[in-house]
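The values are calculated or read from the model by the stated rules, or taken from the named source; none is laboratory data. Not measured: the values here are computed from a predicted model. Methodologically, a virtual Cβ is constructed for each residue, glycine included, from the backbone with ideal geometry; neighbour enumeration extends over all protein chains shown.
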Amino acid sequence: MSFLPSLAPPPPPRKSSIAPSPIDPAPRTRLPRGKTKAELLREYRVKIGLSQIPEPALLRDALYLLQGISGRYIRFSLQDDTNIDNTLIFIDDPKYMISTPTRALIHRLSEVGYLYTRVESYVRDTEAAVGVGMIEQSLCHHLQSQLTEYYRLIAILESQMVAKTARTNDGDDSHESAETSGLTLRRLDVWINEWRLRMRMMSVCVEGARDAHGGALVNLIHGYADNGDPFVRKFTDQLLEEVSKPFFATLHKWLFSGELYDPFSEFFVALDVSMAHLQYVHPSSLAGGIGQLSADGGFGDSDDILGTREGGLKPWDAKYRFQKDMIPMFVGEAFGRKIFSTGKSLNFIRYSCHDSDWVVTREKMSNTGGSLKYSDIGGLERSIDAAYQIASQRLFEVFIEKFKLLDHLSALKNYLLLGHGDFADRLLEALGTSLARPANALYRHNLTAHLDTAMRASNAIQDPLDVRRRLDARMLEYSHGEIGWDVFTLEYKVDAPIDTVLDSSSMEKYLKLFRHLWLMKRIESALNAGWMRLAGARNFLRVPGSLELEFEWHKIRIAMAEMIHFVRQMQAYCHLEVIECSWTILNDFLNKKEGDLDALIGAHRSYLDRMVKKVLLLSSKTGKEETVLTQVREVFSTILHFRDAMDNFYNYCLTESSRRDEALDAQRGVITRRGHDDEGLHSSDALPGLLERLAEYNSSFSERAQTIVHHLQVHPDLDCRFLGVRLSFSDYYRSKKELLAQRS
């Protein structure tokens with residue numbers, strides 16, 4: 001019979017063959033001693049017929065309890081037919097009793113049995129369940145292997161108990177050796193002590209696993225690794241090493257192939273089932289030159305290409321979701337974001353960009369990354385960093401080199417932000433007369449024809465054909481009474497996968513900027529034409545015999561100079577300080593090629609948001625976001641009204657000059673008059689009204705300009721405050737306002 005090392009019976013004492021020396025001192029005589037309390041208590045129990053249950057019987061029940069089975073004298077309290085309670089019931093017997101120390105010892109042993117039943121019940125229920133995740137299956141496998149070792153220990157302990165009972169019955173050993181060798185309750189407690197700790201740990205994991213799933217379960221177990229007890233830490237590390245294998249298998253496939261194999265939704269990356277079928281179809285080119293608009297003003301069939309019929313969602317944005325609560329703590333959110341971005345980039349390169357070299361990219365990543373496992377967290381972090389850099393670098397190369405992202409961004413800057421000054425001038429010259437007509441009198445084919453003419457007459461003809469074919473002219477929805485200036489806009493069409501960066505919201509911001517800059521361009525053109533008319537008025541609008549209108553023309557020239565200064569400062573601010581500076585920042589980011597596609601999208605959005613905020617002079621103060629913008633648009637409207645009033649005054653002066661010339665000719669006997677007799681009277685009556693309107697618009701412009709300068713001086717943006725300084729004519733408007741206040 002084999003014994004455990006610490007339970008092996010001691011060797012029998014050797015009998016000495018040497019007789020005692022006659023000179024040895026005589027053996028000491030033992031003095032009689034009194035009986036101990038334990039002996040007295042034992043004799044009393046024998047006297048009254050109540051004895052303690054033999055230890056072999058208790059030992060047998062203890063082994064049953066360790067397996068979750070009730071014994072003869074001790075049993076578990078049942079909650080129902082299958083589950084046991086953590087309460088022990090000692091069976092009362094009039095002949096036998098169990099001492100208090102023995103009861104406490106059995107309680108300690110029964111704890112292991114109770115924990116064993118909880119673990120074994122979880123493993124049994126989980127294996128019988130349907131749809132159990134791979135991480136939970138791995139946990140059950142490890143728990144089952146632990147229980148198998150536990151069964152082996154129980155079997156060995158039972159064999160020791162049987163061997164002791166056999167030796168006692170055969171009488172091979174003395175009474176003293178039978179009690180000091182073999183298996184006892186105390187020795188059983190010593191042997192089972194390590195398993196008590198194991199069962200406690202397994203029981204805690206089991207209870208947490210009932211409410212956790214996937215990565216959250218790994219996270220839960222990892223929380224127990226932060227423990228000062230070496231045994232607990234070692235046990236948790238071993239458990240995590242086994243349990244995290246499915247997690248790392250999924251991680252490896254996602255990180256190095258961009259494929260998500262997660263049938264039980266245990267990974268921290270989740271696939272949106274509604275978007276799983278949505279893939280980009282990259283067309284080789286846009287059909288039909290400048291695209292055809294549909295009846296509702298959209299892009300026609302291009303909505304299918306762009307995937308906008310899925311509610312405007314794109315595969316990059318919505319196909320995969322990041323689940324923060326499923327990230328294991330040993331990965332961390334920062335590395336989790338990198339893992340999410342790396343796999344998403346590979347998936348996007350493969351399926352959306354149709355990159356034929358994605359296999360080469362995968363091989364590079366596989367060569368740099370080692371084995372992913374829990375015991376090598378440092379290697380895991382290095383593999384994540386290397387894979388992230390390779391995937392992001394390749395994604396930038398695909399967007400910039402294959403899909404010419406920089407060309408599209410430059411085209412948006414040159415056309416929609418009027419960066420090509422000659423193109424803007426030619427377009428304004430070609431469309432000026434058409435846009436002055438009512439909106440319902442405009443036709444789209446005329447607008448596109450003028451657009452094509454402007455492109456051919458400017459440096460825009462040097463741009464690639466694919467870029468020029470994406471530019472389109474169209475009209476917004478209009479209402480009764482609006483003219484072409486109110487509804488005309490340019491539009492730049494993009495397809496997949498460029499529309500991931502240039503999404504619909506970004507294009508709306510580009511159109512908003514274009515309309516503002518286009519309005520400013522219109523005001524500049526109107527002021528330039530008015531100034532040219534003023535320069536010509538000095539030569540041929542001198543009214544014979546009257547100098548009373550020279551001073552009015554002088555005031556008009558001063559007002560026009562103020563307006564031209566205002567508009568040109570606004571243009572210089574928008575184009576030089578905002579658009580060009582923002583473009584430089586975006587270019588620097590693109591040249592560095594750092595970060596992933598999310599970083600690229602974020603950089604482009606920051607570029608757009610900066611321009612929208614600064615060009616439109618938006619404020620961050622609640623309730624005052626568009627205060628300055630509203631004032632600027634009112635100033636532009638006032639300038640247009642002033643220009644109309646100046647044209648009317650110009651026509652009046654021209655008519656009055658002709659009338660006085662005719663009067664002089666009549667005095668010389670030359671009849672050149674063509675009008676009616678009352679025409680001069682009517683013309684003279686119109687003069688006060690013309691001068692009043694000019695003065696009103698001039699005063700309105702000055703007041704609104706003062707208001708704009710005042711708002712800009714307290715604007716939260718520093719560049720806007722500097723613009724206010726340049727618009728103020730070195731405090732001219734403030735001095736003028738104070739002078740008017742003193743006069744009033």
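Residues in the range 364-382 that are modelled with pLDDT of 65 or more and in contact with a Phe, Trp or Tyr (Cβ under 9 Å, 6 or more places away or on another chain): LEU372, LYS373, TYR374, ILE377, LEU380, GLU381.
Please tell me if GLU625 is of a type outside the set (Val, Ile, Thr), out of contact with any Leu (no Cβ under 9 Å at 6 or more places or on another chain) and either at pLDDT below 90 or surrounded by 16 or more Cβ atoms within 10 Å (Cβ to Cβ) (or both). Criteria not met by GLU625. Exactly one residue out of GLY595, GLY602 is of a type outside the set (Lys, Arg), without any contact (Cβ under 8 Å) to a residue 12 or more places away in the chain and more than 21 Å from PHE514 (Cβ to Cβ), and it is GLY602. Among the residues of the range 336-361, those identified as assigned to a helix (DSSP H, G or I), at pLDDT below 70 and surrounded by fewer than 21 Cβ atoms within 10 Å (Cβ to Cβ) are VAL359, VAL360. Scanning the range 426-447 for residues that are touching a residue at least 40 places away in the same chain (Cβ under 8 Å) and either buried (at least 17 other Cβ atoms within 10 Å of the Cβ) or touching a Leu at 6+ places or on another chain (Cβ under 8 Å) (or both) yields LEU428, LEU431, SER434, LEU435, ALA439, LEU442, ARG444, LEU447.
Looking only at residues in the range 478-492 that are within 35 Å of the chain's Cα centre (by Cα) and surrounded by fewer than 19 Cβ atoms within 10 Å (Cβ to Cβ), the one that is farthest from LYS521 (Cα to Cα) is TYR492. Among residues of the range 60-78 that are of a type in the set (Asp, Glu), those with a Cβ under 8 angstrom from a residue that is surrounded by 18 or more Cβ atoms within 10 Å (Cβ to Cβ), sequence gap 6+ or separate chain, pair up as ASP61/GLY71; ASP61/TYR73; ASP61/ILE74; ASP61/ILE106. Residues in the range 453-467 that are in a helix (DSSP H, G or I) and in contact (Cβ under 8 Å) with a residue 40 or more places away in the chain were compared, and the one that is nearest to SER525 (Cα to Cα) is ALA460.
Each row is one residue, and each column tells you yes or no for (1) touching a residue at least 12 places away in the same chain (Cβ under 8 Å); (2) among the charged types (D, E, K, R).
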| position | (1), (2) |
| --- | --- |
| ILE558 | no, no |
| ALA572 | no, no |
| HIS575 | yes, no |
| ASN591 | no, no |
| LYS613 | yes, yes |
| THR622 | no, no |
| VAL628 | yes, no |
| VAL632 | yes, no |
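Being touching a residue at least 24 places away in the same chain (Cβ under 8 Å), of a type in the set (Gly, Ala, Ser) and either closer than 14 Å to MET329 by Cβ or assigned to a loop (DSSP other than H, G, I, E, B) (or both) is the filter here; which residues of the range 202-248 pass it? Matches in the range 202-248: GLY214, GLY215, ALA216, GLY223, SER244. Only one of the listed residues (LEU153, LEU139, LEU147) is in the same structural domain as GLN67 (by TED's automatic domain parsing) and crowded, with 20+ Cβ neighbours inside 10 Å. That residue is LEU139.
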